[in-house]
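Heads up: the structure comes next, in structure tokens.
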């Protein structure tokens, strides 16, 4: 497992690339995790430096290699651990001592785990890719007592020599052999999961109570996930889109990515943006914790810093948001929601962003912008020149990554379209930035950094709840047919589901979610159902039952009111507000303290007075929230009231999204309730009976098809009439069996792409990179491949009738002779 946290993007890194590639070859078949530039920082007065190469090996332990791309004439002298340079980018350094310091910083975290204390071996080396051992000896440096273990240029010529030198390097910490449990614990610590640990507290309840079970589970670190680790640690040299199911950790990873960007690039200006003000406390706390962790407690988040600014999307007079910040910078008078045509928050925000874009040019201020829950910023009615206005505002406020790639900017956004409460539009590039930038997140950057990441694993919500939430959100068991969903098995798989059978109308299919895609550990300790559904004759009966259930949670289950219990209200603004007040009134009369998000104090429910708009929780009180406020929040015990408000218009996808968002706030147990009798209730009861396997008669989605894979998205754009995919980054994609007639792929990168049996008749593939592409059985009738690179491509059984192959590169190309 190899992770490059940043690109090799300047000439001085040539030596680092040599060493990195050799280390990858040496450790390729070993049980290990290896980072290029792992972000554990040794911070001095004038610089901050992370480890060049960190190796975590099951047998060898932790190894840090500090790479110095020096020529022998640039090293003037060595005095103790200090190396003095000339004609180098710094006058002096202490590479071995620096590697040691970074090792000890890591080991401090490792040794906090009792089962790892002094168990992990550790060693450090210096690599000199441009200095031979002979030149080193001619200078007499090998005689110096502080001469460290070194990998020289001539050592790098032999993999066996590299292995031998690493093995023979003296250990700084002797360590012991470890088992698989200890190895996984080590990986979790490297990924930073101790940051996610919560403080333990005394639980006064029975041993098998919910509170006692949670206390036991919280002692364990979160499990290591390689995809999550890459997303969090890698800094892309441009756009990146992160799609994840609810509970997959999108916000946590984005906060970690922002913190690492800040530490790695202290000169950058970075903005972290989210939609709901109630997330301020959580976002600031997480980013601060990640900064502390990776700086070894030497740095903290500074809210007054211009280098890392945390904004909610809009802003107010009391607190700058991103929109109001740009108004301030440009001298434009900001508008409030009451000055817009739409009272719906996202549409109103879209309107003011269009207004700002029409009034003034937006200055390029930021080097990176990270947007969380990007689906909340999509609008239907207010577009700016065919583009999504908030995203275009962010794009305009970014500097290009360099003077050559002026369109390439470091804008990173996360989303899950099933959690959208305002628009059914999906934030893909053509929709956001227009067709001219429609290809910006297809394929990969150098060093295996994906432009689009899709996270299918749900860690927060228990297995049965995430399945039920998807089933209800999409309408799997709806008697009139599915409302929204995927039409290809690969798209289902990307969301964590397995499909048996053909996805054709009228065919029987089975939908199953493997347990390892929802690894919440609670299922091992709790054998009873995680979800309850209750129907009541009246609203008063529903609220009375809620009161009794909460009393039991507090008195017998050992749950705390704040952050462990959450009450959510479904429905439109007025109905949900009325129900929220009724619940608050009743619980207060029963002696249960409550908190309405945005209120100044607990037991204050004066219509969300907005005296404290950033606050969602209140110590000692149970939060009662309408669904819009609850985005991004979570609790162990979640109560959802007012299901009847969804059931009355059960074919409304935005209302179903409310239910989906509410259900996935749970990290433990869930109770859903409503009054009356509706077909949606029967649908939910059937969903709960199915557990984790659903056998249904498939019908294509009636309202919206969800495209997850890059291939599915490309096909959708093609079907909507787009043909221009010129210069598109489509390497290593699976595009087999697609109809792509007349497509423009001039200069596109299709290296390693599978186009088997696809129709590319009359396609423009001029100067396209088709190295290692699978073109078996492809139809290229009248296609233009002038100057295309077909090195190692396979064109067996391809139809090349009247294909223009002028100046194509045919190194080791298979099947190319069979054309007219």
Counted neighbours (other Cβ, 10 Å), sorted fewest up, put 604, 225 in the order 604, 225
Most packed first (mean Cβ within 10 Å per residue), the peptides 288-300, 169-181 order as 288-300, 169-181
In terms of the alpha carbon gyration tensor, root eigenvalues a ≥ b ≥ c, rounded if a/c is under 1.5 and otherwise prolate when a/b exceeds b/c or oblate, the stretch 236-455 is rounded
For the stretch 282-374, averaging the sequence separation of alpha carbon pairs under 8 Å that lie six or more residues apart and dividing by its residue count, the contact order in percent is 14
By the mean-Cβ-within-10 Å protection proxy, highest first, 134-140, 808-814 rank as 808-814, 134-140
Sorted on mean Cβ neighbours within 10 Å (highest first), peptides 489-497, 626-634, 244-252, 713-721 come out as 244-252, 626-634, 489-497, 713-721
The exposure ranking of 556, 338, fewest beta-carbon neighbours within 10 Å first, is 338, 556
Rounded to 0.05, the calculated FRET efficiency for the beta carbons of residue 505 and residue 722 at R₀ = 22 Å is 0.25
Subtracting the Cα-Cα distance of residue 737 and residue 651 from 0.36 nm times their residue separation yields 27.6 nm
Nearest-0.05 FRET efficiency for residue 115 and residue 693 at R0 = 35 Å, using Cβ-Cβ distance, is 0.40
Put in order of increasing Cβ neighbours within 10 Å, starting from the fewest, 146, 464 give 146, 464
If one compares the long axis through the Cα atoms of helix 95-110 with the longest principal axis of the Cα atoms of the chain, the angle in degrees, nearest 10, works out at 30
Expressed in angstrom and rounded, the centroid-to-centroid distance over alpha carbons for the stretch 696-747 and the stretch 331-373 is 32
Here the averaged projected area of the stretch 438-509, based on the convex hull of its alpha-carbon atoms and given in nm², is 7.0
Computed over the chain, the relative contact order (Cα-Cα under 8 Å, seq sep at least six) in percent reads 9
Calculating semi-axes √(5λ) of the Cα gyration tensor in Å from this structure picks out, from (1) 46, 36, 27; (2) 72, 37, 30; (3) 53, 34, 25, entry (1)
Row for the stretch 732-820, column shape: gyration tensor on C-alpha, a ≥ b ≥ c, rounded if a/c < 1.5 i.e. under 1.5, prolate if a/b over b/c, else oblate; value rounded
For the chain, longest principal axis from Cα atoms; helix 539-555 axis from its Cα atoms; angle between them, nearest 10 degrees, is 50
Percent antiparallel among DSSP beta bridges confined to the chain, nearest 5, equals 30
By the Cα gyration tensor axes a ≥ b ≥ c (a/c under 1.5 gives rounded; else a/b larger than b/c gives prolate, otherwise oblate), the shape of the stretch 321-384 is oblate
Taking Cα atoms, the helix 345-359 axis meets the longest principal axis of the chain at an angle in degrees (rounded to 10) of 50
Once both label points are put 7 Å beyond Cα along the C-beta direction, the residue 267-residue 90 separation in nm becomes 1.5
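Every number in this text was worked out from the coordinates using simple rules, so none of it is lab data. Everything numeric in this text was worked out from a predicted model, so none of it was measured. Because the Cβ atoms are built from the backbone with ideal geometry, glycine has one as well, and the counts that use them run over all protein chains shown.
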